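S.K.: Next up is a structure, given as structure tokens.
We did not get these values from a lab; they are worked out from the coordinates using the rules stated. Everything quoted here is computed from the prediction, not taken from an experiment. In this analysis, Cβ positions are derived from the backbone assuming ideal geometry, glycine residues included, and neighbour counts consider all displayed protein chains.
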Amino acid sequence: MNKVVMVTLLLAACAKSPSEPTAAASAAPGATPTGTLTPTTPAPAPVASSDPEAARWSKLAERLSAHDTEDLPDHDTLAAFPDAAEGLLWLATHDDALFVRARALDAIGVLGAPDAADVLAKALADGTQASSVRVAAVIGLGRLKGRDAAVTTLLGAVEDVDLRVAEQAVTLLPASARPALAAIAQKPTLAPEIRAKIAALP
């Protein structure tokens, strides 16, 4: 048999033999093919908190979680909640959501309870709090402009090391505090950005 015939027969035999199955084809039905990512297991649904205090103030927290700031509760809405001042203080110090804690501090100023200035001053003085939470405390104090304690705390905040806090304090101080603010602006230790903010006041 010549070589041409032998090669032809070999090629014919190879063409008839079944091809090797691929890894994906040979895998068991439903198996994840090699080289692809396994789908992530969906996270379990949130479980309601077992904390009785969290449950007690859940409705108030829900109102503070409004998507639009225009839907946040005003003074009358807050006052309609039983023990609203107590609830806002609890949410400001215990809620898991940072933005709820911040909004609770602002709402303390909106509600304007007798001890609001002291509560907000304490929150502002807590250096372990996130910047956004301390700024919210300043905003809450700004809603109490008629109270000497609030103005005093805001003047102190002008020299805060957090520029966001200091800038907000400058913006929210009443006109009656301008002489004290001008004196602070002369301090060599004051941040240049804050000095410029004071100089730019109308």
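S.K.: Among 201, 94, 136, flag the residue with its Cα farthest along the positive direction of the charge dipole of the stretch 64-202, charges on Cβ as +1 for Lys/Arg and -1 for Asp/Glu.
M.R.: 201
S.K.: Which order do peptides 99-106, 135-142, 86-93, 185-192 fall in by mean Cβ count within 10 Å, highest first? Mind dumping the intermediate values first?
M.R.: On the way: 99-106: 23.6, 135-142: 26.8, 86-93: 21.8, 185-192: 10.9.
Taking the mean over residues of other Cβ atoms within 10 Å, the ranking is 135-142, 99-106, 86-93, 185-192.
S.K.: Place the peptides 159-168, 76-85 in order of packing, highest mean first, counting for every residue the other Cβ atoms within 10 Å and averaging per peptide. All intermediate terms of the calculation are to be shown ahead of the outcome.
M.R.: On the way: 159-168: 17.0, 76-85: 14.7.
The densest-packed peptide leads the list: 159-168, 76-85.
S.K.: Tell me, how many Å apart are the Cα centres for the stretch 161-202 and for the stretch 62-98?
M.R.: Here the two parts' Cα centres lie 30 Å apart.
S.K.: Moving on. List the aspartates and glutamates whose alpha-carbon lies under 14 Å from that of residue 187, not counting same-chain residues fewer than 8 positions away?
M.R.: By straight Cα distance, residue 187 reaches 159, 160.
S.K.: Right, another one. Can you bin every Cα-Cα distance in the stretch 124-202 into 5 Å intervals starting at zero and give me the percent of pairs per bin, rounded to whole numbers?
M.R.: 3, 17, 32, 24, 18, 6, 0
S.K.: Restricting things to alpha carbons, tell me how big the stretch 51-199 is in terms of Rg and Dmax, in Å.
M.R.: Looking at the stretch 51-199, its Cα Rg and Dmax stand at 15.8, 51 Å.
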